[in-house]
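Written below as structure tokens is the structure these notes are about.
No lab work stands behind these numbers, since they all come straight from the coordinates. Keep in mind that this is a model prediction, so the values were computed, not measured. Cβ atoms come from the backbone with ideal geometry, glycine included; neighbour counts cover every protein chain shown.
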Amino acid sequence: MKIMKKLSSALLLYTLAAILLYPSNAVAVQNIDIDFTTIPEVPHNFQPFFEGNQPAKVVLEVRDADGRLIKNVNVKIDIQHVKGFSSGQFLSTGFPYLEGKKVFSGEFFLKDGRLEFSYIFPIRGTYNVKIDASATEKAVLFEPTTKVFEVKVQEWGYQIRNAVILVLLMLGLGLFIGRVYARAKFG
């Protein structure tokens, strides 16, 4: 009986010491929220010879149900391009090697619950960003969480303008040649 009292006292003392040394482990968070944003909200694709080629700023935050950042979180990020028509694209990107491929993968430790980095999206189209968040030993306890975000990357304005000009020139040339041939034949 004395041994049981000593064991239960030791267990109680151990539990109290653990709570005092690691207070964040004493409170479990059931629901977390992962916030993912890019600045600008709709980034542009990479253009090697264009002076305005700026990377997008990617911001990732892991928050508890009250909106506070959770400290000491492990995060795994995978960015994958969605191929062709399944992403709602009308035209191909012109880079079939990258279409539908994983273009970024990384594991990070978020000491203060926030990660910020610059990233240049290689081609236009839709990207799926899969984020897996899990607690570390010193973090607030929560269930490992996975969330998928969608990022649409658009063409630069000058590329769309140049494509429209090219199509109009080809249409005008086609009409001109058609008229020349029609005059020669029916002339």
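General observations
- Estimated inter-spin distance, residue 150 and residue 31, nm [label 7 Å along Cα→Cβ]: 2.4
- In terms of distances greater than 18 angstrom between alpha carbons, the cross-link table entries 57/83; 71/152; 111/138; 76/102; 71/138; 130/152 yield 57/83; 71/152.
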